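The values are calculated or read from the model by the stated rules, or taken from the named source; none is laboratory data. Since the model is a prediction, treat every value here as computed from it, not as a measurement. Heads up, the Cβs are rebuilt from the backbone with ideal geometry, glycines too, and the neighbour counts pull from every protein chain shown. Note: accessible area is taken over every heavy atom of the protein model, side chains too, but ligands, DNA and RNA are not part of it. Shrake-Rupley method; radii C 1.70, N 1.55, O 1.52, S 1.80 Å.
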Number of protein chains: 2
Amino acid sequence: MWARELAVSAPGKVILHGEHAVVLGKVALAVALDLRTFLRLRPGAEGRLSVSLPGVGVLRSWDTPGLWALRGRICLNSPLLASIADFDESKSPSVEQLDALREFAGIAAGASAPESLATLAFLYMCLAISAKYGDVPSVDIVVWSELPTGAGLGSSAAYAVCLAAALLMVCGAISCPLQEGESTARWTEEELTLINSWAFRGERVIHGNPSGVDNAVGTWALWDSLPPVASRVPTLRILLTNTKVPRSTKVLVAGVKEKILKFPAIMNPVLDSIDAISQECQSVLEAMPANPSPEHYPVLEEFFDINQHHLNVLGVGHPSLDRLCQVTASHSLHSKLTGAGGGGCGITLLPPDTSPLAVEAAKQDLCACGFECWETKIGAPGVTLHSCSSLSAQVLHALTQS
Amino acid sequence: MWARELAVSAPGKVILHGEHAVVLGKVALAVALDLRTFLRLRPGAEGRLSVSLPGVGVLRSWDTPGLWALRGRICLNSPLLASIADFDESKSPSVEQLDALREFAGIAAGASAPESLATLAFLYMCLAISAKYGDVPSVDIVVWSELPTGAGLGSSAAYAVCLAAALLMVCGAISCPLQEGESTARWTEEELTLINSWAFRGERVIHGNPSGVDNAVGTWALWDSLPPVASRVPTLRILLTNTKVPRSTKVLVAGVKEKILKFPAIMNPVLDSIDAISQECQSVLEAMPANPSPEHYPVLEEFFDINQHHLNVLGVGHPSLDRLCQVTASHSLHSKLTGAGGGGCGITLLPPDTSPLAVEAAKQDLCACGFECWETKIGAPGVTLHSCSSLSAQVLHALTQS
């Protein structure tokens, strides 16, 4: 039984430096974005488990006896799924498991809409976590996100991190660290590691073969491929702009590889330079105070400019991204693409001495290009447990409208 | 005595790849531009030596006895200038020599206008060459150029190359290779080496400490820092655009050095990549036929795009150059800055399948930006001797209007 009403949140991610280079064995620097996914958890009707995703129009509810019977059937009926150990977190969800879950939930084979994949991931995580740690009690779950989906900002990972934390907590696999009267709390390092590993399995249901970067950022707020993982990123104000130009990450990654094979002597040094930018940027961030003053920004801006040129050299630029950089440059702001490129999102640093009028003017100009624009921050905390009363009115409203 | 009427021409230069990197020990690839400087040489009044530069408003004439007396005075009066050996081509023009020449020609100390420096270089080369190879006979010299001055296109070197060739030829230090009835002729490799070394001394009068690249291109049509010097460059059509934004090469070079010292791990790989572009480009040019067809161009265009990004990373871009690249890109043409950057000139490749309408539209758009634009070629011949009758009417007119 679960008696408390609580909320869990996890941040989205942006890649500061190292996109594409990371695929080729170089360093990358991914940080948490202060656009978050929120999960509200409260006691549900006895014997019912329900999930609502108002952003994608999902409102589903199941009898828990039916769910646990499904779990037993999946484990018994297939020779490939002979035991509960198949739900171990070291293993991928199997094709057979996912087919059985789809059939149970009435999701067509091959359905790739966010609502189908989100429902599938929810069911998979419920069954797998309950098989390992004991039945999930009767709870109502609502998930809502500030993040746009499909924009390379880690929205599916933030969802999976929130689900993993909530389900592991209600099963007792991890503690409930929020004391009465506290607004927020975080889990121990060991618990975070468990949350991350289950979130990764959820990501696999949604993405097939994710890199694991997004769920790590959702959990710990920072990911880099350099040991040791830096403990924190200062809070940096940014504009996040979605050009809304669709692109295929797979095609872009293949294009970069082809360019490197064609001109190795020209392209490999560019990857080395990007690698050095990621490393230097990490050093700069570590040396910065938690709330940096204006003089800390010019080097970060220079790294943005250089890497944006390098990403163009790799062939992952796009006229919409050139436009984004030009528009912000006309307001003396520095931008780069983030993620796969070829469209998608760009980030613009907002040093503390940027006038609010300049930010407003830049946002207007970006919107006039048909882009969507958020004034937000990087350096946000990883997965967090909240008392519902500490959430903003906007978030609370979104989580109760269902 | 000199009895023939002839013309000498030498090309300007553009740097295809390797500007800035060459200062830091990397390869550069400079090629001849089909905008040329022309020198008309004809018998003059007995005992007179005259030079006319209609483009910069110079029309001077000297008694040769006065000139040779000056030569003697320069050689005798100063302990630093004790012998005729001071005019040896291995030595620089000295401050004292140049002061004496300025006084003789009535040029104020420190005068740096093109007409002053051109007159000074003419006097210096006349006296130095005559001291070494015998008196320059009475000739009339007219020099006119298609090249703009001060745009980094090697106009002063083309002037010095024409002067060196003409003066060495009339003194008998090199042959007159043009047979009766021929339109053009070139000198032997040995003679070209002599022309180049004297042109370099003329450049020193004008520029103080030139690199020697411009006079080498004016002489041989190609310069690269890789042994062996490639024998030819295919003829490639280009647009040459002068943004007319003034810049200081010295300041730009110092800025690049500073950036490399500040971020060596980020910037040194960029220089390596530029180096590889120069080398790959040279291989591509050598493998191309003399008149390449459209399929030979995409790689050259890709090199332009990559290097333009790299030059921006080095900090030598300029909004005017961004504009130039954008405007030509809007006509599917690829451009890069050439030379020091920070304004100055850009080159745009014109593959043979480019429609004349697209070229015309690009030129109009560039002119609308306030730029000056020439439709020309690279891969032009080096210093050349012409019969006057083989010159175009436009060039002949320019050389006879004085």
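For chain B, averaging the sequence separation of C-alpha pairs within contact (under 8 Å, six or more residues apart) and dividing by the residue count gives a relative contact order of 26 percent.
For chain B, the solvent-accessible area with a 1.4 angstrom probe is 39 square angstrom per residue. Each of the peptides B:131-137, A:285-291, A:318-324 was scored by the mean count of other Cβ atoms within 10 Å over its residues; in descending order, highest first, they stand as A:318-324, B:131-137, A:285-291. Mean-square fluctuations from a GNM of chain B, with a 10 angstrom spring cutoff on Cα atoms, peak among B:Arg42, B:Arg73, B:Arg237 at B:Arg73.
Considering the stretch A:233-376 at the alpha-carbon level, its Rg and Dmax are found to be 15.6, 46 Å.
Summed over both chains, the contact between A and B buries some 1900 Å² of accessible surface at a probe radius of 1.4 Å.
Each stretch of four or more DSSP H residues adds -39500 (n - 2.57); spread over every residue of chain A, this sum gives -14000 deg cm²/dmol at 222 nm.
Spin-label pair B:Lys250-B:Ser293: with each label point 7 Å from Cα along the Cα-Cβ axis, the two points sit 5.2 nm from one another. Based on Cα contacts under 8 Å between residues 6+ apart, the stretch A:88-237 shows a relative contact order of 25 percent. Just to confirm the number: angle between the C-alpha axis of helix B:155-170 and the first principal axis of chain B, 0 to 90 degrees, nearest 10? The two axes meet at around 40 degrees.
Sorted from closest to farthest, the other copies place their A:Arg48 label points 11.3 nm away, with each point set 7 Å from Cα along Cα→Cβ. Computed from the Cβ-Cβ distance with R0 of 45 Å, the FRET efficiency linking A:Ser112 to B:Asp322 stands at 0.65.
Measuring between alpha carbons in the structure, the pairs from B:Lys262/B:Lys336; A:Lys250/B:Lys26; A:Lys257/B:Lys336 lying more than 27 angstrom apart are A:Lys250/B:Lys26. Peptide A:302-313 has a mean shielding of 5, counted as Cβ atoms of other protein chains within 10 Å of each residue's Cβ. Principal axis extents of the C-alpha atoms in the stretch B:142-271 (largest first, rounded to whole Å): 60, 32, 31. Peptide B:278-285 is shielded by partner chain Cβ atoms: per residue, an average of 1 of them sit within 10 Å of its Cβ.
Sorted from nearest, the other copies put their B:Glu5 label points 10.5 nm away, the label point being 7 Å from Cα in the direction of Cβ. Taking the C-alpha atoms only, the angle from helix A:319-329 to the longest principal axis of chain A is near 70 degrees. Per-residue shielding of A:263-276, expressed as the average number of other chain Cβ atoms within 10 Å of the residue Cβ, stands at 6. Computed over protein heavy atoms with a 1.4 Å probe, the carbon and sulfur contribution to the accessible area of the protein assembly as shown reaches 54%. The calculated P(r) of chain B, using every Cα pair and 20 Å bins from 0, goes 27, 55, 18, 0 in percent. Remark: for residue pairs A:Lys13/A:Lys244; A:Lys13/A:Lys377; B:Lys13/B:Lys259, the C-alpha separation exceeds 22 Å in B:Lys13/B:Lys259.
In whole angstrom, the stretch B:344-391 maps to an equivalent ellipsoid with semi-axes of 27, 14, 12, each derived as √(5λ) from the alpha carbon gyration tensor and ordered largest first. Of the peptides A:297-309, A:59-71, the ranking by mean beta-carbon count within 10 Å, highest at the top, reads A:297-309, A:59-71.
With all pairs of separate Cα atoms included, the stretch A:16-79 yields a Kirkwood hydrodynamic radius of 16.3 Å. Distances from B:Leu357 to itself in the other copies, using label points 7 Å out along the Cα-Cβ axis, amount to 4.6 nm in increasing order. For chain A, the longest principal axis of the C-alpha atoms and the axis of helix A:297-313 are separated by about 90°.
Comparing mean-square fluctuations of A:Gly181, A:Gly341, A:Gly370 from a GNM of chain A with C-alpha springs under 10 Å, the top value falls on A:Gly181. Both numbers refer to the Cα atoms of the protein assembly as shown; Rg and Dmax are 35.9, 121 Å.
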